[in-house]
Structure formats: structure tokens, C-alpha cells
Amino acid sequence: MKIFKLFGLFFLLLLFMLAGCNEGGDSAATTSDNTGDAVDSADTASAEETKEAKELTIGFSGPLSGPAAFYGTETLNGLTMAVDDINESGGLEVDGQTYTLKLATLDDKYSPNETAANAKRLVQEQKAKFIYSPHSGGVYAMQVFNEQEDFIIMGYTSEPGVTEQGNTLNVRIPPRYDNYLEPFTNYQMERFGKRIAFLPTASQYGKDWAEALRPVWEAHGGEVVFDESIDFSKDTDFQTIMSNALNAKPDVLFIGGPSEPTALVLKQARDLGFEGGFLVMDQAKVDQMAAVLGGGYDLLEGVSSTVPLINSNFPGTAEFIEKYKQKYDKNPGAEAGFHYVSLYVLTEAMKEAGTVDDTKKIMASLDQGAKNVPEEKQVYVIPGVDEKGGFEPALRIAFIDDGQLTIFEQD
């Protein structure tokens, strides 16, 4: 019996010694993967941490109140849909890391000064590396400091000058407006005559458009018989200025700005008996103008403008239009479509560059990013992005003849 007791005591002592050795040895716990090999738990935690999605902010500063609120909201809607679609598909994966997109929006009331202030807030408070602005004034205001603050301007403006300043972190999304000058001029002169009255929006964009149009119009033998601008942030009654313009006996009116007030300017001209043509700046869209005026194109007879999204047929257009109508209970405009596809160009560029914060690498990858956009997301086809950051879609023009929309497309 004594032998058994001694053996038991020896066995217990041996167990205590083994436990002590384990405590004094390597304290790192191990686990096994599905192959049966030992895996360090610290490595497992690191792998899980890498897989956890991070948040990536996309900034937006645009007119969400005031006379351009409809326009600003339309741009934001398209961007919102792209953010939602990317997140719902699993997020953005760049260099093995998954990101959830977060949209940070601020109202700038169509004021460049507000845009600049908003951009500084988005960079400082939200750490935004990408800020959308849907007007040239806002883009120019941010160009003063965006390179120093190291963020990319995603500019929705057709102003050619925004990509001619040498700013290395600036993107121009829609086609540049100077591509429209010749075909618009030819159509209006051939159909209506060579006397034109200038009544564009009073913004810098409107002034630049007028300055670019004048030499083209005059080179074709035309005459500018009236030259004033309309400040849509202040003017709501256009009868006086329109009466003065029509007293100059124009054949064509050059008008433009956000779609809603531009439509009211056109209606005022018709109410005063004007029967000529309208050369419309590309910011205003004929389908949105028609909606303001009752839905048809009768009052818009003789308009030359850009092609509405609902009259387009790119690979992803039909699906986008249907989803937009379900979400917002109306047809989308070109602003929504371009903003939607632009975010896919940007995110594909991040994938190509392998980074979400090296702005120079991302800019250098935009051209390939445009080529990598999935076909089903091509609300517009963007064949490429030039070295200055300008998107390069095909030129497409719309005319209203006999109450019908006619489309001209140039490769």
C-alpha cells in the first residue's frame, strides 16, 4: 500500500512540474487551421483585422438650397446611388483591404466661397481625399489650395479652363462646352438667322460661355445685338430684361444656367411673343426644362442643347434609369448619370493604383480606371481620361424640330 501511495505522490509531483515548465516557456497560444498546421493566434488576429472593412470618405459640396437646388440635388442623387451600389456589392477592395464608402455632403448654396470653406471642413474634419463640386466657381475656388491639402477635385463642369490651369489633382467629368459652339451656331443660323441676344447666367461659367461663343458666332457672320446676364440667385422676374432683349429684334436667344430657372426664362420669351431659336448652355437639360413647362417640347421648339439621359442607350443606362425612378420617383438627368459613372471610374482607378490615399497614383490611373468600369455600370461610356484629368465621352447634341427631339452624335 505504501508503494502505491508513494507512486501517487510521485505522479502528482510530476504533473505540477510539467505545468510549471509550460508556464515558464513560450506563452503564445496556438490554434490550427483547416489543414491541421499550427497557426499563431497573433497572426490570426492580424488577418482578421486586415479583413475588417475600413471607412473611406467621399466629399460633396454643392447647391442643395436656393435657385440651383434642383440641379445640386440631381448631382448628389447620382453620387448617392453609386455609393449605395458599391457598398451593397461588398464595398471597395484595394490592395487586399475592403472599404465602405461614406458620403459627406455640405450645402454651398452655389457660392464659390462656401465651396472653399466646405472643402476645408471636409478635409480637416472628414479626412476627405476626394471632393465633388458641380459648378466651375466651386472648382476654381478649391484649386487655390487642393494640391497643398492633397485632395482630388471631382469637378462636374464643362468649363474647359478647369483643366487648363495646370492643377495636377483636378478632374473634369462632363464634355467641355467649347465642343458645342460650332454645331449649335450652325443649327441656329441656318434655321433662324444671325442676330443673337445674350442672356446667360451671371456666374463665371455663364460669362466664360458667352466669351467663347461670341467669336464663333461673329466668325460665321453673326451679330450680338444684346448682351446682359441674369443672376438667378436674385432675379425671379425676367419680364423687364427679356423685353429689353426682344426690343433688339434677335433671331436667337442664348440662355442657360440651372434647368428650372432657364425654363422660366424661355417661357417668358414665348409669353412676350418670341418665335425664334434658343441656343441653350449645356448646364440646362431639355427634358428637365420640359418637365417645368408641362412635360412636352412644344415651347422648346428650336432649342439646341445636350442629349437627355433618358434618350441615351449605353450598356448601363436602362438599369440605372429604372433604379433611379424607383428610388426618387422621377427620371434622372445627365447630372445624376455622370456622377454615378464617375465614382466607378474613380474607384476603379484606386484599384488600379493599389491605394486610396496616394492622390498622384490615383490620378495617373484614371484613364485605365475608365476602361475598367464594368459594362453594366456604364450609364455613360467613358472611353478614357486625358492627361489633364478630363473625361472623354463622345459628343452628342440634341435639337427640337417640330416638337420632336433629334439627336446628332459625333465620334
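Give the shape of region 321-411 as rounded, prolate or oblate, defined through the alpha-carbon gyration tensor: a ≥ b ≥ c are the square roots of its eigenvalues, a/c under 1.5 means rounded, and otherwise the shape is prolate if a/b is larger than b/c and oblate if not. Numbers along the way, then the final one.
Details: a/c = 3.10, a/b = 1.66, b/c = 1.87.
Judged from the Cα gyration tensor, region 321-411 comes out oblate (a/c at least 1.5, b/c at or above a/b).
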Nitroxide proxy distance, nm - points 7 Å out along Cα→Cβ at residue 100 and residue 271: 5.0
Ranked by GNM mean-square fluctuation in the chain (Cα springs under 10 Å), the top entry among 251, 227, 107 is 227
Could you please state, rounded to a whole Å, how far the C-alpha centre of region 129-159 is from the C-alpha centre of region 343-411? 17
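Given a cut-off of 19 Å, name the pairs among 127/327; 54/129; 360/388; 361/388; 194/249 whose C-alpha atoms lie farther apart than that in the structure shown.
127/327
Expressed as a whole percentage, what fraction of the accessible surface of region 136-293 belongs to carbon and sulfur atoms when a 1.4 Å probe is rolled over the protein heavy atoms?
Details: 2510 of 5780 Å².
Carbon-and-sulfur percentage of accessible area, whole number: 44.
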Residues of the chain: accessible area per residue with a 1.4 Å probe, Å²: 46
Within the chain, which whole H helices from DSSP have a Cα span along their axis of at least 24 Å and a mean Kyte-Doolittle hydropathy of 0.0 or more, if any? 2-24, 334-353
Could you pull out every residue, at least 5 positions away or on a different chain, whose amide H is within less than 5 Å of the one on residue 152? Hs are placed 1.01 Å off N in the peptide plane, and Pro or chain starts have none. 130, 131
Trypsin sites (Lys or Arg not before Pro) restricted to DSSP loop in region 271-372 with at most 16 other C-beta within 10 Å: 330
Positive end of the dipole of region 143-302, charges at C-beta (+1 Lys, Arg; -1 Asp, Glu), about the Cα centre: which of 294, 200, 170 has its Cα farthest in that direction? 294
Please compare each pair in 351/377; 207/351; 102/330; 120/323; 285/351 to a cut-off of 28 Å on the Cα-Cα distance and tell me which ones are over it. 207/351; 120/323; 285/351
Can you compute the helix-only [θ] at 222 nm over the chain? Use -39500 (n - 2.57) per DSSP H run of at least 4 residues, normalise by all residues, nearest 500 deg cm²/dmol. -13500 deg cm²/dmol
Of the DSSP beta bridges with both residues in the chain, give the percent that are antiparallel, rounding to the nearest 5. 35
Roughly how many nanometres apart are two label points built 7 Å out from the Cα toward the Cβ at residue 164 and residue 371? 2.8
About the Cα centre, and with charges only on the beta carbon of Lys, Arg (+1) and Asp, Glu (-1), how big is the dipole of region 95-146? Nearest 20 debye, please. 80
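How high is the relative contact order of region 269-411, in percent, with contacts defined as C-alpha pairs under 8 Å that are six or more residues apart?
Working: 214 pairs, mean separation 34.8, N = 143.
Reported as a whole number, the value is 24 percent.
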Among 279, 179, 128, the residue whose Cα sits farthest towards the positive end of the charge dipole of the chain, when +1 is placed on the Cβ of each Lys and Arg and -1 on the Cβ of each Asp and Glu, is 128
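The values are calculated or read from the model by the stated rules, or taken from the named source; none is laboratory data. None of these values were measured; they are calculated from a predicted model. FYI the Cβ positions are ideal-geometry reconstructions off the backbone, even for glycines, and counts take in every protein chain you see. Accessible surface is based on the protein model in full, side chains and every heavy atom, while ligands, DNA and RNA are left aside. Shrake-Rupley method; radii C 1.70, N 1.55, O 1.52, S 1.80 Å.
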